[in-house]
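The values are calculated or read from the model by the stated rules, or taken from the named source; none is laboratory data. All values reported here derive from a predicted model rather than from experimental measurement. Cβ placement follows ideal geometry from the backbone for every residue including glycine, while neighbour counts extend to all protein chains displayed. Keep in mind that these areas ignore ligands, DNA and RNA; they rest on the heavy atoms of the full protein, side chains included. Shrake-Rupley method; radii C 1.70, N 1.55, O 1.52, S 1.80 Å.
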Amino acid sequence: MIAKGTIAVEEAVISPGTAWLLEEAQSILTPGNAGPEAVTAHRTRLMDIHGRRLQAMDAKGVEYMLLSLTSPGCQGIPHQALAEKSATDFNDWLAGEVAKNPSRFGGLAALSMHDPSQAAAELERAVKDLKFFGGLLNDFQSLGVDGTGKGYFDTAFYDPFWKKVEDLNVPIYLHPRYPTSKHLESPAYAYCDRMHLLGAGVQFHLDLSFHIYAICASGVFDRFPGVKIVVGHLGEK
């Protein structure tokens, strides 16, 4: 059966080289059952593209799917060199997977946002060479030796990136992410005693909507009126 109709645009995958990113969030995704078996099962689901995923697409009428690195992606890597290499390697891997069935799959680029010029160059490579449709960012960029620093993309520091987004005329998908384990360990962090509020119930839309409002109010769209942002989860509202 060949599916007809629906285009799915927020479909997470993970590559062998980025699978280690799952470990930190696994305790949040499966509280009380975050052992090796749970991590393995989740990794297997995310790595599957041409097997059960494609079968489910056919069964549910999904004609085309845009694939992207699962949250927190490279935004969860505080070390710049590792984040940049992970983004490049993942994009190359994803392009290879898409090439196996381009009539059913496309890609959104993973990006490190430590250096906006490097992020701009990688987005350009992904769009022009790998034929991706844009990029996906998982809220803030983790920064600092301990990963507790947060880089938000509403400041003039990121103007080189937004300029490239405008020039390429492609969208940037803003996706939420869970807090880091370091943030949850802090007694001053609002969610540390309220784990039931994490994720899509409350925390996703509260945290990412702050970032979206900051971008809207900072003049990014005044300086670069051609920038297009896609916000998932019903606009995070």
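Return the single residue from His114, His196, His205 with maximal mean-square fluctuation; model: Gaussian network over the chain, springs between Cα atoms under 10 Å. Maximum among the listed residues: His196. Ranking Ser218, Leu174, Ser103 by Cα position along the charge dipole of the chain, where only Lys, Arg, Asp and Glu carry charges on their C-beta atoms, puts Ser103 farthest toward the positive end.
Just to make sure I understand: if all protein chains stay in place, what is the order of Met113, Met195 by accessible area at 1.4 Å, largest first? Each step should come with its number before you reach the end.
Working: Met113 0, Met195 90 Å².
Putting Met113, Met195 in descending order of accessible area: Met195, Met113.
Heavy atoms of the protein chains alone define the surface here; on that basis the chain has 47 Å² accessible area per residue at 1.4 Å probe size.
By a 1.4 Å probe calculation restricted to protein chains, Ile7 has an accessible surface near 110 Å², given to the nearest 10. For region 106-121, putting each phi into the Karplus relation 6.51 cos²θ - 1.76 cosθ + 1.60 with θ = phi - 60° gives couplings of x, x, 10, 6, 7, 9, 8, 10, 5, 10, x, 5, 5, 4, 5, 5 Hz, in residue order, rounded to whole numbers and with x for Gly and Pro. Name the residue, out of Ser142, Ser209, Ser112, whose mean-square fluctuation peaks in a Gaussian network model built on the chain with Cα pairs under 10 Å. Maximum among the listed residues: Ser209. The mean sequence separation of alpha-carbon pairs under 8 Å and at least six residues apart, normalised by the residue count of the chain, gives a relative contact order of 18 percent.
Ranking Val202, Val227 by solvent-accessible area of protein heavy atoms (1.4 Å probe, all protein chains present), from largest to smallest, gives Val202, Val227. Largest GNM mean-square fluctuation across Arg194, Arg177, Arg53, computed for the chain with C-alpha springs under 10 Å, falls on Arg194. In the full protein assembly as shown, how much of Thr70 is accessible to a 1.4 Å probe, in Å² to the nearest 10? Counting only protein heavy atoms, the figure is 20 Å². Across region 173-237, Cα pairs under 8 Å and at least six residues apart give a relative contact order of 45 percent.
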